[in-house]
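Structure record follows, encoded as structure tokens.
The values are calculated or read from the model by the stated rules, or taken from the named source; none is laboratory data. Worth saying up front: this structure is predicted, and the values here are computed from it rather than measured. Here the Cβ is made from the backbone with ideal geometry for all residues, glycine too, and neighbour counts use every protein chain on show. The area values use the complete protein model at the heavy-atom level, side chains included, leaving out ligands, DNA and RNA. Shrake-Rupley method; radii C 1.70, N 1.55, O 1.52, S 1.80 Å.
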Amino acid sequence: MVYLDNNATTPIDRRVYEAMSPYLFEKFGNPSTLYSIGAEARAAVEEARKRVADLVGARPDEIVFTGCGSESDNMALKGVAFAHMERGKHIIVSSIEHHAVLNTAAYLEKIGFEVTYLPVDRYGMVDPDDLRRAIRSDTVLVSIMLANNEIGTIQPVKELCSVSHEKGVLFHTDAVQAAGKLKIDVEELGVDLLSLSAHKIYGPKGVGALYIRKGTKIHPLIHGGHQERGRRAGTENVAGIVGFGKAAEIALQEMEEEAVRIAELRDRLEMGILERIEDVIVNGHPERRLPNTTNISFCYIEGEAIILKLASRGIYASTGSACSSDTLEPSHVLMAIGLSPEVGHGSVRFSLGKFNTADDVDRTLEVLPEVVSNLREMSPFWRRKNVQR
Ligand SMILES: *Cc1c(COP(=O)(O)O)cnc(C)c1O
């Protein structure tokens, strides 16, 4: 199997599994109880909090564990919107956010908030001047992702954040896809809130975190017990949190070296495709892009068909976002960067990870040209184009 869909999810690192395992069995205690197995679980959660904080340059008490990256995004948007309602009911997001942000924004619109969706250029970049013009006196939050999950474009978050702060507006960034791939420092970026998810960095599914800068006013989404200092009720997912901590520790240690290795593999794949297949377009920013991601439009055919054909040969990639692949709409990200619906439909995302090798890339380069040419032979658009030639 050649797995090239690491932006959808990653396999658990064996070291992560080994760190988690005791907390499913002998160390099963509830962190809120006072006797020793509870205290042990509490200590493990706090140790993990420190490691996740270290991954982004935060203080441990600024990290709240959540159920997933989507919950972190929900908490950032709704939590800030609800806590600052008297000041204003306007928020700003980019038009290429993950659905966890976009659909939360749409929900807030439904209950009386106003949302501005910022455009992006053809590389997927938000212009800080567009943000400056969009901020109003009743704006309470700006949310712009650090790196895009579909095309890998990295936003100028430091600049965007300082534009927000000039006008006294809080800034959230979804760093779920950037974490473990780029160095992140919340002090350097200046952000007030930042979302993370364990399963995108070789940790378990079902655990995320929200960084909340000390002093930021925010409402909880989950009410109940006093866990997470009253910011997120519910008995902690101890094993999951421990796994997240271990994954964060490994990411911090290995990221720099891995990013170089993975970028080389990604470039080898991308160059190989450009050399072997005509009428392809690479989407995303040429330089400001995640090291592991390449999104490619294969004109005249459907991305879905390419994915299925590749899967039947044991190669796994995806068409943009895992979340929209059950609808017929072309990806909102590809539409926002200005692709036509036809070209958007022909796009495939290859996202590499730390378990990929040069052999994986070579195998893909062996199979893909054949898959594309078979599909094109069946495509009336492709035939018409060749007649016109
Ligand atoms: C995967 C992803 C999410 C959602 O994280 P989950 O833990 O799967 O809920 C949010 N934002 C981005 C950019 C993602 O890639």
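Residue count for the stretch 176-224 satisfying the condition of being under 14 Å from the mean Cα position of the chain (by Cα) and more than 20 Å from VAL238 (Cβ to Cβ): 11.
Looking only at residues of the stretch 14-30 that are outside any helix (DSSP H, G or I) and open to solvent by 10 Å² or more (accessible area, probe 1.4 Å), we find that the one that is nearest to THR293 (Cα to Cα) is LEU24.
If I ask for residues that are more than 7 Å from the ligand (Cβ to nearest atom), under 21 Å from LEU352 (Cβ atoms) and either assigned to a loop (DSSP other than H, G, I, E, B) or among the small types (Gly, Ala, Ser) (or both), which ones from the stretch 190-201 would you list? Matches in the stretch 190-201: ALA198, ILE201.
Residues in the stretch 142-161 that are assigned to a loop (DSSP other than H, G, I, E, B) and either crowded, with 24+ Cβ neighbours inside 10 Å or touching a Leu at 6+ places or on another chain (Cβ under 9 Å) (or both): ILE144, MET145, LEU146, ASN148, ASN149, GLU150, ILE151, GLY152, GLN155.
Within the stretch 139-163, residues that are not assigned by TED's automatic domain parsing to the domain that holds ALA336 sit with their Cβ atoms under 6 Å from residues that are at pLDDT below 95 and open to solvent by less than 10 Å² (accessible area, probe 1.4 Å), at 6+ positions apart or across chains, in these pairs: GLU150/GLY320; GLU150/SER321. So which of GLU40, GLU114, GLU26, GLU71 ends up being in contact with a His (Cβ under 7 Å, 6 or more places away or on another chain) and among the charged types (D, E, K, R)? The conditions single out GLU114. Of the listed requirements (1) in contact with a Lys or Arg (Cβ under 9 Å, 6 or more places away or on another chain); (2) within 16 Å of the ligand (Cβ to nearest atom); (3) in a helix (DSSP H, G or I), ASP61 misses just one: (2). Being under 24 Å from SER347 (Cβ atoms) and open to solvent by 20 Å² or more (accessible area, probe 1.4 Å) is true of LYS181. Residue check: is SER164 loosely packed, with under 15 Cβ neighbours inside 10 Å and among the hydroxyl-bearing types (Ser, Thr, Tyr)? The answer is no for SER164.
Quick check on the stretch 65-75. Is at least one of its residues out of contact with any Leu (no Cβ under 7 Å at 6 or more places or on another chain), away from the ligand (no atom under 16 Å from the Cβ), assigned by TED's automatic domain parsing to the domain that holds LYS205 and open to solvent by 10 Å² or more (accessible area, probe 1.4 Å)? No: zero hits. Per the conditions (1) away from the ligand (no atom under 16 Å from the Cβ); (2) at pLDDT 95 or above, the sole criterion not satisfied by THR33 is (2). Residues in the stretch 101-118 that are open to solvent by less than 10 Å² (accessible area, probe 1.4 Å) and under 20 Å from CYS161 (Cα atoms): VAL101, ALA105, LEU118.
Pairing each residue of the stretch 184-204 that is crowded, with 21+ Cβ neighbours inside 10 Å with any residue that is acidic (Asp, Glu), provided the two are 6+ apart or on different chains, yields C-beta distances under 7 Å for SER195/ASP73; SER195/ASP174; TYR202/ASP13. Taking helices (runs of 4 or more DSSP H) as the structural unit, those lying wholly within the stretch 283-389 and holding at least 1 residues that are touching a Gly at 6+ places or on another chain (Cβ under 6 Å), over 29 Å from ARG15 (Cβ atoms) and aliphatic (A, V, I, L, M) correspond to 332-336, 358-377. The set of residues from the stretch 202-233 being within 16 Å of the ligand (Cβ to nearest atom) and on the phi > 0 side of the Ramachandran plot comprises TYR202, GLY206.
The residues of the stretch 77-114 that are in contact with a helix residue (DSSP H, G or I) (Cβ under 8 Å, 6 or more places away or on another chain), outside any strand (DSSP E or B) and closer than 22 Å to GLN177 by Cα, listed by number, are LEU77, LYS78, SER95, ILE96, GLU97, HIS98, HIS99, ALA100, VAL101, LEU102, THR104, ALA105. Looking across the stretch 214-230, the residues that are under 17 Å from ALA81 (Cβ atoms) and touching a helix residue (DSSP H, G or I) at 6+ places or on another chain (Cβ under 8 Å) come down to THR216, LYS217, ILE218, HIS219, PRO220, LEU221. Among the residues of the stretch 220-254, none is identified as closer than 16 Å to LYS27 by Cα, among the polar types (S, T, N, Q) and in a helix (DSSP H, G or I).
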